[in-house]
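The values are calculated or read from the model by the stated rules, or taken from the named source; none is laboratory data. Just so you know, these numbers come straight off a predicted model, no measurement behind them. No Cβ is skipped: glycine too gets one built from the backbone with ideal geometry, and neighbour counts run over all protein chains shown.
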Amino acid sequence: MNSSIVRRTAVAWLLAPALVMSALPATAYAQQNVSVVINGQPISFDQPPLDRNGRVFVPLRGVFERLGATVVYSNGVINATGNGRSISLHIGSTQATVNGQTQYLDVAPFIVGARTLVPLRFIAQSLGAVVNWNNNTRTVTINGSGSAPTYTSPPSNASFYLRAKHPTGAVNTQSPAIHALFSEPINRDTMHVLIDGRDVTNNVYANANGFDVTPPTPLSPGSHHVMVTGTTAAGASFRTGWNFTIGNSSARNYLRGISPGPGSRVSPTFTFSGNTLPGSQVHIVASAEASAFGGLLQLNAGSYQTTVQADNNGNFSTQVTLNNVGGAQVRVIVQAIAPDGTSIERSFTYSM
């Protein structure tokens with residue numbers, strides 16, 4: 001089936017696609033092989049600890065739960081309780097609350113990709129633990145009286161499978177439009193998509209019924225593997241995937257001449273334009289949020305999406321209309337698929 005047709009079919013299935021909101025890239029902070037030991041046990045995090053302005057930051061659940069606290073995260077607010085203490089922090093704010101008393105952080109919690117990072121020393125000490133730093137080994141040692149909660153893994157779902165997978169077999173593009181539908185609804189917030197072991201979840205459009213993603217960087221010719229993990233709406237875990245091959249003569253699409261220029265200020269209604277391979281189908285999704293908290297977000301009622309076709313010179317244009325949200329960050333995600341299936345996807349950020 002023609003890739004552009006598959007893509008249009010995928011868009012029809014994904015009635016509520018998600019936008020990827022990555023507040024800050026990991027490269028903005030120093031990652032210097034910091035080790036963390038909690039109650040004598042070395043800890044591994046899915047997002048390695050980061051050193052920002054002399055403070056070690058770690059994923060929020062990785063530290064709270066290992067110190068015996070429970071944590072709830074919603075709309076940029078982190079609330080945790082444990083060891084007879086309560087803590088509240090806000091993404092981007094240096095003001096925190098511990099047992100009802102206001103305290104101030106040297107550096108505010110922030111987001112890298114889909115992970116919320118919090119200051120390790122502040123969290124540990126707020127929960128009553130003792131913190132030590134060994135500069136020679138770059139090791140943080142934490143000793144506290146709390147014990148981590150006991151978890152029961154969700155039951156696996158052997159009957160879960162992916163359907164309408166694309167691509168399968170060999171394709172002639174280094175940036176294929178990857179798509180699949182789920183055999184049953186999933187919990188979208190638990191889903192992860194990996195290409196050749198690399199987590200590309202932050203580039204995914206998804207809802208409970210399926211997902212779409214274009215690799216953030218071109219893939220090399222040869223065999224590739226897509227892995228999808230998560231939990232179904234019924235609470236069962238799944239882990240499945242498929243393979244496809246990229247031919248040696250595969251081509252690349254491009255997006256250039258984007259206007260407005262990335263990073264500029266836009267009004268609630270503005271013209272978005274650019275240039276790609278002639279005849280490409282260009283899918284454009286835009287959304288304005290008062291703040292970005294990372295991870296996959298559903299499109300709100302004021303979001304915009306459309307598909308236009310590039311002309312014989314590769315030019316495309318559309319008028320974007322969004323809700324007027326003062327001080328909002330505007331995210332525009334563009335995917336262009338040429339007639340031969342060569343695709344590319346890029347994300348552009350503006351302010352309102």
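Go through the stretch 223-251 residue by residue and tally those that are surrounded by 13 or more Cβ atoms within 10 Å (Cβ to Cβ), within 24 Å of the chain's Cα centre (by Cα) and either in a strand (DSSP E or B) or not assigned by TED's automatic domain parsing to the domain that holds residue 181 (or both).
The qualifying residues number 14.
(1) among the β-branched types (Val, Ile, Thr); (2) over 21 Å from the mean Cα position of the chain (by Cα); (3) modelled with pLDDT of 90 or more; (4) under 30 Å from residue 183 (Cα atoms): which one isn't true of residue 266, the others all being true?
With (1) among the β-branched types (Val, Ile, Thr); (2) over 21 Å from the mean Cα position of the chain (by Cα); (3) modelled with pLDDT of 90 or more; (4) under 30 Å from residue 183 (Cα atoms) applied to residue 266, the lone miss is (4).
Could you go through the stretch 34-53 and let me know if any residue there is touching a strand residue (DSSP E or B) at 6+ places or on another chain (Cβ under 6 Å), surrounded by 15 or more Cβ atoms within 10 Å (Cβ to Cβ), at pLDDT below 80 and more than 22 Å from residue 138 (Cα to Cα).
No: zero hits.
If a residue must be closer than 14 Å to residue 119 by Cβ and either out of contact with any strand residue (DSSP E or B) (no Cβ under 9 Å at 6 or more places or on another chain) or buried (at least 17 other Cβ atoms within 10 Å of the Cβ) (or both), how many such residues does the stretch 54-72 contain? Don't jump to the end; show me each part of the working.
Going through the stretch 54-72, the residues closer than 14 Å to residue 119 by Cβ turn out to be 54-60, 62-64, 67.
Among the residues that remain, those that are also either out of contact with any strand residue (DSSP E or B) (no Cβ under 9 Å at 6 or more places or on another chain) or buried (at least 17 other Cβ atoms within 10 Å of the Cβ) (or both) are: 54, 56-60, 62-64, 67.
Selection size over the stretch 54-72: 10.
Being under 19 Å from the mean Cα position of the chain (by Cα) and surrounded by fewer than 19 Cβ atoms within 10 Å (Cβ to Cβ) is the filter; apply it to the stretch 73-89 and report the residue that is modelled with the highest pLDDT.
Here is the first cut: in the stretch 73-89, the residues under 19 Å from the mean Cα position of the chain (by Cα) are 73-78.
Now drop any that are not surrounded by fewer than 19 Cβ atoms within 10 Å (Cβ to Cβ), which leaves 73-75, 77.
Numbers: 73: 76, 74: 77, 75: 75, 77: 86.
Here the answer is 77.
Considering the stretch 318-339 alone, what residues qualify as being surrounded by fewer than 17 Cβ atoms within 10 Å (Cβ to Cβ) and either modelled with pLDDT under 80 or assigned to a loop (DSSP other than H, G, I, E, B) (or both)?
If the condition is that a residue be surrounded by fewer than 17 Cβ atoms within 10 Å (Cβ to Cβ) and either modelled with pLDDT under 80 or assigned to a loop (DSSP other than H, G, I, E, B) (or both), then 323, 324, 326, 327, 339 are the ones that fit.
When you check residue 127 against the structure, is it crowded, with 16+ Cβ neighbours inside 10 Å, closer than 21 Å to residue 47 by Cα, of a type outside the set (Asp, Glu) and assigned by TED's automatic domain parsing to the domain that holds residue 35, yes or no? I'd like the intermediate steps shown before the answer.
Numbers: crowded, with 16+ Cβ neighbours inside 10 Å: yes; closer than 21 Å to residue 47 by Cα: no; of a type outside the set (Asp, Glu): yes; assigned by TED's automatic domain parsing to the domain that holds residue 35: yes.
Considered against the rule, which asks whether it is crowded, with 16+ Cβ neighbours inside 10 Å, closer than 21 Å to residue 47 by Cα, of a type outside the set (Asp, Glu) and assigned by TED's automatic domain parsing to the domain that holds residue 35, residue 127 comes out as no.
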